[in-house]
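Notes follow the structure.
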Amino acid sequence: MLSRSSGPALHHEYLPVAATLKWRKWVEINFIAEFKIFDHSSPGSSGSLISSKEGKKRFLTTKEVNYQGVCHASVQANTLSSSLPTASAYLKRINLYRQRVWTCKITGKSGLTYEEALVSEQHASNEAQKFPEELVIPVLHMVQFSTLKQNDLVSTIYRSLQWCFAEGEETYGSFENSMCPCKILRVLEKADGKDGPQYEVGWLDKSKNVASISIVNAESLTRKKLPFTREMLKSFMRESTSKTSPWVVHDILAQKHGISREPPKEILEKIGKNTKMENGHGNSGAKKRPNIENGETEDLANKRKRKTEEKEPLVEQIQYPIDDLLVKLGDDDPVYTQRPVPATDFLVPMDCVGDLLMAWDFFSSFSHVLRLSQFSLDDFENAVVYKESDSDLIVEAHSSILRMLIKDESDYYTSIQEKKRDLKITSKNWTGYLCEFLQMETVSGFSGQLTKIRDGHHFMLDVKVKLNILSELVYWALMTEAIRGQLDEYIEQCQAIMLTKREEELEDLRKRKEQQQQQKEASLTKGSDTNSLEALDSRQNGDIKEVLQPGKSSWQEIVPLENGGNKQATLLSRRIMMKQKLNAQMHEAREKKRIQMEERKRLRDKGKQAREKKLKEKRQEHFNREIEKRIIRTSVLGKDRDYNRYWFFCRDGRLFVESANHNQWGFYSSKEELDGLLLSLNPKGDRERALKGQVEKHYNKICAGIQKRSKEIAQRNDMDTAVLRRSIRVHGPRKCGATLPFLNYGNKLKTDL
């Protein structure tokens with residue numbers, strides 16, 4: 001839902017940027033002015049310089065010279081100017097601070113200005129202070145003397161703490177076949193025959209008090225998510241360590257938490273080897289020590305200077321994304337199309353579009369609480385500008401909020417009771433109740449409109465006045481218990497849906513692990529069975545040979561010539577050959593059958609996985625739809641290069657554009673315009689990169705809304721054309737409802753009072 005006033009409520013996002021630009025310009029002007037006043041080379045400035053204890057000249061501070069144009073920023077300028085005596089050198093240093101060559105020492109982010117690096121360090125330091133106290137000691141133990149890189153170490157700690165619980169931590173555990181909240185009271189040592197540690201936990205009731213105590217294994221506990229993020233862990237590691245190769249915890253922290261400060265033997269041996277290698281290179285380098293008398297030192301200095309100059313262009317390389325106003329198109333960049341011009345054919349004045357969208361979004365979001373049937377934005381806009389009479393849509397919109405204020409027993413209800421008015425609001429007396437609301441002490445600015453409203457001429461008011469009255473009513477409605485209760489209910493329902501979604505994901509992950517383990521065990525069992533069958537076949541064949549020809553190594557040795565010899569041996573050899581052939585055929589049949597069974601099983605498993613995947617996707621879509629139904633706050637999708645904001649209302653189907661000064665509005669209402677917008681966004685800029693990501697994320701939803709709205713407009717035009725033709729054919733008057741659909745509005749959710 002939009003805020004009460006689309007201008008002031010959104011203006012705070014733009015102010016910091018403008019304030020920063022103004023501050024930089026102001027500081028630069030003061031720097032130049034200060035140097036003109038305090039420059040020792042200028043005439044009449046002999047009293048502006050004093051000598052320090054070291055005999056060097058320095059500039060006077062703000063307290064020593066009464067100069068009103070210099071404030072705290074200039075005091076810092078005076079401190080720096082002691083080493084940079086000229087204005088040009090000083091501005092050169094300031095220009096260096098404004099270049100994107102600085103790095104945050106805590107997060108490691110590069111490509112920042114000096115000011116941005118300071119802000120990043122302060123933010124990271126604040127994030128590190130939020131790290132859970134119960135996890136400080138185990139994390140420091142894992143960090144101390146680790147040789148892993150930062151990302152690898154963070155991943156290792158993250159995996160280790162996923163199933164590691166500390167004293168005082170609140171989590172969930174399995175208790176009487178259900179997941180219940182609990183608190184870790186004590187970590188016990190590993191029991192005999194147990195793989196992991198045991199925990200003494202206290203089961204919490206609804207008041208977060210310990211109701212009972214029991215001892216459980218790590219498998220019985222689960223954590224919805226870790227109480228910290230990876231970025232928070234990185235900030236904590238940077239703040240807590242003095243070295244990173246290997247990682248070394250600060251001595252004060254190590255002594256405070258009992259962390260060992262003695263490096264392991266492996267680390268000491270590695271350091272010893274590196275020291276020997278460095279000493280060897282140092283000795284060899286001593287032989288090539290430059291001769292100062294021959295001027296080798298100057299040559300080396302010149303070489304270093306040239307190398308530094310050659311490396312300077314590398315430092316100035318731009319790392320994208322950056323601020324959109326600083327982006328310049330390069331030769332390798334794609335061709336960006338010209339941005340489509342948004343349509344501006346609103347019926348209300350341009351400065352009233354924000355109030356119109358805010359009021360309509362409120363009525364659409366809380367229609368069930370207000371007992372008000374939903375209506376489209378087009379119908380609402382037409383009803384607001386309608387000048388012939390007050391339509392039922394306008395009457396029901398005002399009456400629904402007035403009824404809610406009476407039910408809430410607010411100040412408005414008290415004023416109604418004092419005047420002993422009937423509490424039933426109808427389409428005939430609603431203007432009187434509206435006048436009572438506008439006459440309240442807390443509502444001002446409408447005294448000149450009361451006569452028209454009381455006489456039943458509300459429809460003759462100016463459009464801006466109508467929307468201001470609706471905005472005031474919406475503001476009061478948002479403070480009622482009914483609206484706040486609905487918001488709390490939606491929040492609880494969203495949390496419950498997200499919890500169910502997370503539990504299903506964990507259950508699916510557990511099932512996948514079990515299936516992988518079963519497949520692994522089945523493959524091992526299958527291999528052992530195959531080896532045993534082959535050994536059994538070889539033993540059976542060997543026994544047959546030994547029985548038929550005892551004392552012979554193989555039947556070939558006793559096979560006689562075909563033209564004569566032992567007939568009995570020939571028969572035996574033929575029997576053996578038939579036996580082997582039969583065994584081969586049986587083995588081939590079994591193998592073929594096994595392959596067929598495996599193929600059928602594979603197809604069944606594949607079909608089952610496809611059905612499970614489809615079911616899972618449907619469940620995810622169901623969860624997302626249910627969450628979207630309960631999220632009633634409309635958020636801005638993003639901003640473009642010029643700080644124009646983009647809004648999408650799922651109940652309307654158009655993509656609205658708000659100017660940076662909040663005075664101009666427009667909208668895109670076709671898929672071609674949406675595609676043109678995407679092709680015009682440059683991802684090298686911070687704002688347009690984020691905006692493009694959000695539009696691509698909601699692309700299908702926006703296209704569906706555009707298509708639905710276009711279809712409704714086409715159906716309405718066809719209906720109007722059909723009514724017009726019928727009226728012309730029968731020579732009858734044209735019906736107003738055919739061209740003004742909002743006049744046919746009826747509130748199906750209306751109740752008495």
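The modelled label-to-label distance between Ser444 and Leu268, using points 7 Å beyond Cα along the C-beta direction, is 8.0 nm.
Taking the 1.4 Å solvent-accessible surface of region 166-222 as the whole, the part contributed by carbon and sulfur is 45%. Taken as Cα centroids, region 338-360 and region 201-243 sit 49 Å apart, rounded to the nearest whole angstrom. Positive-end ranking of Met719, Gly666, Gly685 along the dipole of region 636-729, with charges on Cβ about the Cα centre, is headed by Met719.
On average, how much accessible surface per residue is there in region 166-222, in Å², for a 1.4 Å probe, leaving out ligands, DNA and RNA?
Details: 3640 Å² over 57 residues.
For region 166-222, the solvent-accessible area averages 64 Å² per residue.
Neighbours of Lys708 by Cβ distance under 14 Å: Lys/Arg scored +1, Asp/Glu scored -1, total +4.
Simple rule: put +1 on each Lys or Arg Cβ and -1 on each Asp or Glu Cβ in region 166-222, find the dipole, and look at Thr171, Asn209, Leu185; the Cα lying farthest toward the positive end is Asn209. Working ranking of peptides 397-405, 650-658 by packing, defined as the average number of other Cβ atoms within 10 Å per residue, highest first, is 397-405, 650-658. Annotation note: trypsin sites (Lys or Arg not before Pro) in region 121-223 located in DSSP loop regions with a Cβ neighbour count of at most 13 within 10 Å are Lys130, Lys149, Lys190, Lys194, Lys206, Lys208. Simple spin-label estimate for Lys464 and Tyr699 gives 4.2 nm between the two label positions (7 Å along the Cα-to-Cβ direction from each Cα).
The values are calculated or read from the model by the stated rules, or taken from the named source; none is laboratory data. Predicted model only: the values in this text are computed from it and were never measured. With ideal geometry, Cβ positions are generated from the backbone for all residues, glycine too; neighbour counts draw on all protein chains shown. SASA here: full protein model, heavy atoms, side chains in, ligands and nucleic acids out. Shrake-Rupley method; radii C 1.70, N 1.55, O 1.52, S 1.80 Å.
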